[in-house]
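No lab work stands behind these numbers, since they all come straight from the coordinates. Keep in mind that what you see is a predicted model, and the values were worked out from it rather than measured. Glycine also receives a Cβ, built like all others from the backbone with ideal geometry; neighbour counts cover every protein chain displayed.
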Amino acid sequence: MERRHVDTDVLVVGNGGAGLRAAVEAAEHGCRVILASKIGADRPNSTAVIAGWGAHVPTDQVEDYFRMVVEEGNYLSDQELAWQYAAEAADRMPELRRYGVEMRLDASTLERPGTTRQLWFFPGPRGRLGDAIREPLRAAAADKEVVILDNTFVTRLLTSDAGVAGATALDLGAGGLIAISARAVIVATGGASGIYARQNNPAGTTGDGYALAYRAGAELIDMEFDTFMMSQEELNSLFSGVLSEDEALSTYGAHYSCGGIKVDERRRSSTGGLYAAGEAAGGTFGSARLGGSAVGDIIVSGFLAGRGAAEAAAKAPEPDPCEDQVVDEEEKLSSILSREGVAAKGVTAQIRDIMWRKVGPVRRRETLATAVAELERLRGKIADISAGSPRELREAVEAEIMLDVGLVIATAALERDESRGNHWRLDHPEPDNEKWLRNLVVKRQSDGSLSIRVEKVALTRLADVGPCRIGSAWTGGYVEPRS
Ligand SMILES: Cc1cc2nc3c(=O)[nH]c(=O)nc-3n(C[C@H](O)[C@H](O)[C@H](O)COP(=O)(O)OP(=O)(O)OC[C@H]3O[C@@H](n4cnc5c(N)ncnc54)[C@H](O)[C@@H]3O)c2cc1C
């Protein structure tokens, strides 16, 4: 396998709204920035396909908006991140115009009783409204000399004693491996809804950033909270038995990952030099999020991660080239290309099926425990996967990513024996604040095993915990599932 080396100050992985905003910000701080993404500008990611709304409030309503975010998340939000999101959105959303993003305030949302939220509408062609964000930000990144590497699939983060030192990536066009040395890395790879058999995200939304960060030793938080696009009424019907489990499994689909890489207010992960933004990061929304807030979040967290990574890169030493890890990755990928084996598609179909049927909208102790066992068994099959082209090699690498992420989600969902927000346990149908006003933090141990830490939520700003509920105000209604 051919190999080339490049180096940079900041590597951003993912060209959705979060990655683009982060790249622009890091470049504005004077950094050399590489933006690598496994899809090109011509193909949709979640940012491109938004239904069209992005939330924001004026500065005098930040407190109300913060409260709404925390209540919607059923008090599992990191309250400092939620506050920062509400406060920063007031500046960062209107600021998008500076980069040429066309947007207008949707007047109907201003009049909606009981909401302080304002929604920006991004006009554009049906199904691609988010290009109104993506294209101007991409042009701004190019203007600031960000090196944009499309069709570049990041397969592994490189780590030294000082923390993350870059990444390896597959050139999906020309083939070959790229070793990227970087002083700081921002993971902005979107969510993991694509690991479920039914979902509405664009192809490739396979939770790569979660696996990359997890394997590099970073902590993940709230991974059990996925959104399954069921309205409150439908969810009530499921819990009361009016809607059968089979109907639920054949009608809805995964949509948004609430959890993700655990970050602080600078969007730093628990691994040095590693930052996360957008749907790849977790903590802000707790167990469920308000509609329109994902767009607000990609812009706010992209800005913060770009700034944080740029500041860190300015102080970081020359990154270790991590030659051993690069060689290791090269050998691993070469062996997938050279061996006889099975296609990745069969394995990924099995993972998706397990995730949907046993870890999807219908969860119980037995289904989750079986899912964990079945996913563990599939690990053997990963070693049998072979590939004959860069595209098949990408599918092979994605299969292992999906397996790791699926196991994290299933294990966390098994641990949380209550229902809350977007986590629905039919065997524990009520929220249990006594036991579960807590986050689950997952980490990979040095021996490869998974550890879970149960962490009490710090009620730093909103100490009074009101009623918690199952479902979320916006889980249904604005998007149709696509299998
Ligand atoms: C149909 C639909 C409608 C929605 N509507 C709305 C809405 O109206 N309002 C709202 O607030 N939210 C909405 N959302 C949610 C919102 O779109 C997403 O949460 C948000 O766009 C995620 O942005 P992101 O930048 O984090 O990731 P993405 O936009 O998903 O971008 C991630 C990028 O990372 C790249 N990538 C992934 N793995 C790798 C890897 N290993 N190497 C290199 N690159 C990689 C991908 O190719 C992709 O380009 C909607 C989602 C969907 C699916």
Open item on the list: Per 0.36 nm of contour for each residue apart, how much would the distance between Phe239 and Arg215 grow if the chain were fully extended, relative to their Cα-Cα spacing?
Closed with: 5.0 nm
TODO: Along Cα→Cβ, 7 Å out, is where each label goes; now give me the distance between the ones at Arg377 and Val465 in nm to one decimal.
DONE: 3.8
- [ ] With 10 Å bins from zero, work out the P(r) of the stretch 79-236 over every alpha carbon pair and list the percent per bin.
- [x] 8, 23, 37, 25, 7, 1
TODO: With a length cut of 27 Å (Cα positions projected on each helix's long axis) and a Kyte-Doolittle mean of at least -0.5, go through the chain and give me the DSSP H helices that pass.
DONE: 293-315, 390-415
Task: Rounded FRET efficiency, nearest 0.05, which uses the C-beta distance separating Thr59 from Arg104 and R0 of 22 Å - done: 0.65
TODO: Please report, in debye to the nearest 20, how large the charge dipole of the chain is about its Cα centre when each Lys and Arg carries +1 at its beta carbon and each Asp and Glu carries -1 there.
DONE: 400
Open item on the list: Can you give me the distance in nm between label points at Asp324 and Arg97, each placed 7 Å from the Cα along the Cα-to-Cβ direction?
Closed with: 5.5
Task: Straight-distance crosslink candidates among lysines, where the alpha carbon sits under 26 Å from Lys262 and sequence neighbours closer than 8 are dropped - done: Lys38, Lys315, Lys358, Lys435, Lys443, Lys456
- [ ] Would you work out the relative contact order for the chain, in percent, from Cα pairs under 8 angstrom that are 6 or more residues apart?
- [x] 22
Open item on the list: When 1/r is averaged over all different Cα pairs and the result inverted, which Kirkwood radius in Å belongs to the stretch 31-98?
Closed with: 14.4
- [ ] Beyond 27 Å, what share of the Cα-Cα pairs of the stretch 1-463 is found? Please give it as a whole percent.
- [x] 51
TODO: Please report Leu81, Leu407 as a ranked list, fewest other C-beta atoms within 10 angstrom at the top and most at the bottom.
DONE: Leu407, Leu81
